[in-house]
């Protein structure tokens, strides 16, 4: 899908998409509200989204979208690049967009989808394999002043608060402005599992489990009823 209030910008992206056989353009519009109606009734995998538009900006649209599709931002304004990380956009393309630049952004989207599908089907790949080399081993957390790189192997658990998420690591804690649900989408499953509406845990960091309580060091994390069955599937006792 393409959403842009400039018809010429839509035409440029349409021409680029026409050269990429793995993409199928299902809808394009200059009106954000038309896009919302369409995506509520049709499956969409990837959206090329302008930032500055009437009615709703691209960033406001992503809040409504709530992760239902991958997003590549297309805009003439560099200043929105940092804000876009909060919404986990695939890429940020500055206009005028060349075919090479759009192709690169599209490939990032394919890589993210393929990585998620691989992890859901097979779990973590063997060490040193080609699959392992293509799967990210870290994420960047948006803090108040910067983007903080965090390796998955260092994360113990995440706790969601009202306005931020606290990521507890082997070396300390980091406050992130992203939501817990947004971070969950970027963590490999089932290595990281949601066990409570306020907690995600790294399974390999669990010391013990007692009834519906997880112990990581001295920290006790509850397992809520809505998550306990899925959690139990991935905990093997002998």
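Bear in mind these aren't lab numbers, they're just calculated from the coordinates by the rules spelled out. Note that this is a predicted model, so its numbers are computed, not measured. Heads up, the Cβs are rebuilt from the backbone with ideal geometry, glycines too, and the neighbour counts pull from every protein chain shown.
Please give the calculated 222 nm ellipticity per residue for the chain, where each DSSP H segment of at least 4 residues contributes -39500 (n - 2.57) and the sum is spread over every residue; nearest 500 deg cm²/dmol?
Computed mean residue ellipticity for the chain: -9000 deg cm²/dmol.
Quick one: divide the alpha-carbon radius of gyration of the chain by 2.2 N^0.38 Å and tell me what you get.
Details: Rg = 19.7 Å, N = 238, 2.2 N^0.38 = 17.6 Å.
My calculation over the Cα atoms of the chain gives 1.12.
Among 93, 138, which comes first, then next, by fewest other beta-carbon atoms within 10 Å?
Neighbour counts put them in this order, fewest first: 138, 93.
Between the range 178-215 and the range 5-74, how far is it from one alpha carbon centroid to the other, in angstrom?
32
Could you line up 140, 48 from fewest to most neighbouring Cβ atoms inside 10 Å?
Going from sparsest to densest Cβ surroundings: 140, 48.
Label the range 2-122 by shape, choosing from rounded, prolate and oblate, from the square roots a ≥ b ≥ c of the eigenvalues of the Cα gyration tensor; if a/c is under 1.5 it is rounded, and otherwise prolate applies when a/b is larger than b/c, oblate when it is not.
Here the range 2-122 falls in the rounded category.
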